Amino acid sequence: MNNAVEKEPNHINQDSKRLSKDTLTYGIAVIIPALIGVISISIYTRIFSLEAYGEYNQIFNTTLLITTLFSQWIQQSIQRYRPLYRSKNKLWEFNANLTNLLAYMFIIIIGFALLTSFFKNSFGRYEGYYWICVLLILTQFSFLVLGALLQSDFKVREYKNYNLLTAILKFVVGILLVFYVSENPISIIYGLVIGQIFLIGFMFKENGLSLRSLRLNPTLQLIEFIKLFVIYGFPMVGWFIGNSILNLADRYMLEAMSSIKDVGVYSANYSLVSASLGLLTTPLLNAAHPIIMNKVDKFSDIEIGKTVTFFTRVYLMISLPLLSFITAFHKEITQLLLGEKFREGSVIIPILFLGLIFWNLGMYGHKGYEIKEKTKIMFIFVLASAVVNIIFNTFLIPLYGYRGAAIATLISMGTYPLLIKICSFKYIAWKINTWSTIRIIISCVLSFFIVFVIKNLFTGYVVIQLIVGFAITLIVYVGVLIILKEINYQELKEKILQKRSSSSSK
């Protein structure tokens, strides 16, 4: 596929096949929910005011932060240790212990909510959201943990189905409540809760969990299991808190140092960026993560490093041309998808998009740290990035408002992969193919300039302009990659013909 890259080892070729298959399945699980999310953003930014939409985003992001605190250490531990239990034919033991751990976490969350409820009068405009947000945290927590089990077991089809059904239910119920019950952002939150709660029981059973495993008195085996999860996963809590600060501090600081209107504009445009990048990169990352983790104790660190390098190259080949397209058409995208009051923020879309590319790049680079259980170092790096974010926001928001917040996000999200890259040689070296990356960047820059020059020829209908622009961007990008020999045209042609012949023989 790449003349400049050495012949890939056999296990990486197998990974490539599995990656293609699983990415396609995860793609369906991500693309449709992401499209539904874009549609909902388009509807809500036309219904709600800047203040109301900003208020909804603050509520949603806060519940997401709290859910992260309770769930991510369990999710990461599942991905790390479930393959080991599977290899020893002890999944029954894993399931029983996990069921009890989840029960304890439910008790902790509810207890925490009851204690905090005594202070909810001090939440001001957000007081009325309190109890529905508690339910949202419980349903999100359950859905995320049970989804991690499906991913770890390579049940990508089931994972896809649950994601699709949940996304559809959340959207439909939320829209119905907004239009027929109350045109208030709290209706969206009710829709999120109702949309998830219906499927949690089915996911519980799908993963082989049973309430019969519950024990009032914890066994020594259960205590050791929880201890294992805590030692590995709790530093990841710090990492995800740092991640949440990195992603959410700008909203809180915008509200405090500027206005809730700026939060609305910033959040709407940020959501478009997150959804569009997630369409292509989230399925890839979801497919790559269990493949990498299942190599632990089976391959050497060097071979695992080669696998991470391969996935990094694929990620850059997918994400960078999308940046070219969005940079050229950010105004047209917001014209199509956002309410008029929110469109002024389109200027921050390319900035945020590049920041998220950097951030997701770090998700591949830190796999070596995860495997070596150096999660404390990951926490230090993400905390450093969060501090950088807060410092730059402090200076830039008073000067430039939400534009300053976007610049701060770009700088801080670029800090994390930089730190990961500098120190990775101590564990599993994260190597990025320099010449391959240069060729990809050259192809993206050329496609951007060509599309930007000719895009005004297709003015009139925004949808047609975007479709034609995307097609030209893709054609130019792939063409330049072939010219630069980053893609082997002959090999690509043979693979396509081989797939056609195999499909026709069936």
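The values are calculated or read from the model by the stated rules, or taken from the named source; none is laboratory data. Since this is a predicted model, take the numbers as computed values, not measurements. Here the Cβ is made from the backbone with ideal geometry for all residues, glycine too, and neighbour counts use every protein chain on show.
Brief remarks on what is shown
- Pick from segment 259-284, criterion of a type in the set (Gly, Ala, Ser) and in a helix (DSSP H, G or I), ranking: modelled with the lowest pLDDT: 278
This table checks each residue for (1) touching a helix residue (DSSP H, G or I) at 6+ places or on another chain (Cβ under 7 Å); (2) under 18 Å from residue 39 (Cα atoms); (3) at pLDDT 85 or above; (4) surrounded by fewer than 19 Cβ atoms within 10 Å (Cβ to Cβ).
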residue: 176; (1), (2), (3), (4): no, yes, yes, yes
residue: 188; (1), (2), (3), (4): yes, yes, yes, no
residue: 191; (1), (2), (3), (4): yes, yes, yes, no
residue: 200; (1), (2), (3), (4): yes, no, yes, yes
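- Summed over segment 148-159, residues that are within 20 Å of residue 90 (Cα to Cα) and in a helix (DSSP H, G or I) total 5.
- Test: residue in segment 229-237 that is at pLDDT 85 or above and either outside any helix (DSSP H, G or I) or surrounded by 18 or more Cβ atoms within 10 Å (Cβ to Cβ) (or both): yes
- Residue 118, sole failed condition from (1) exposed (fewer than 12 other Cβ atoms within 10 Å of the Cβ); (2) modelled with pLDDT under 85: (2)
- Selection of first residues in segment 97-109 that are assigned by TED's automatic domain parsing to the domain that holds residue 209 and of second residues that are exposed (fewer than 14 other Cβ atoms within 10 Å of the Cβ) and aliphatic (A, V, I, L, M), restricted to Cβ pairs under 8 Å at least 6 apart or on distinct chains, gives the following pairs, ordered by first then second residue: 99/211; 99/214; 100/214; 103/214.
- Check on residue 415, free of Cβ contacts under 8 Å to residues at least 60 places away in the same chain, assigned by TED's automatic domain parsing to the domain that holds residue 368 and out of contact with any Gly (no Cβ under 6 Å at 6 or more places or on another chain): yes
- Any hit, segment 50-59, residues being under 30 Å from residue 343 (Cα atoms) and of a type in the set (Val, Ile, Thr): yes
- Residue in segment 460-471 that is under 16 Å from residue 316 (Cα atoms) and of a type outside the set (Ser, Thr, Tyr) present: no
- Filtered residues of segment 285-327 (kept if at pLDDT 70 or above, within 30 Å of residue 476 (Cβ to Cβ) and among the aliphatic types (A, V, I, L, M)): 308, 314, 316, 317, 318, 320, 322, 323, 326
- When residue 365 is tested against (1) surrounded by fewer than 19 Cβ atoms within 10 Å (Cβ to Cβ); (2) closer than 30 Å to residue 81 by Cβ; (3) of a type in the set (Gly, Ala, Ser), just one condition goes unmet, and that condition is (1).
- Filter result for residue 152 (within 26 Å of the chain's Cα centre (by Cα) and among the polar types (S, T, N, Q)): yes
- Being more than 20 Å from residue 400 (Cα to Cα) and either at pLDDT below 80 or assigned to a helix (DSSP H, G or I) (or both) is a property that does not hold for residue 256.
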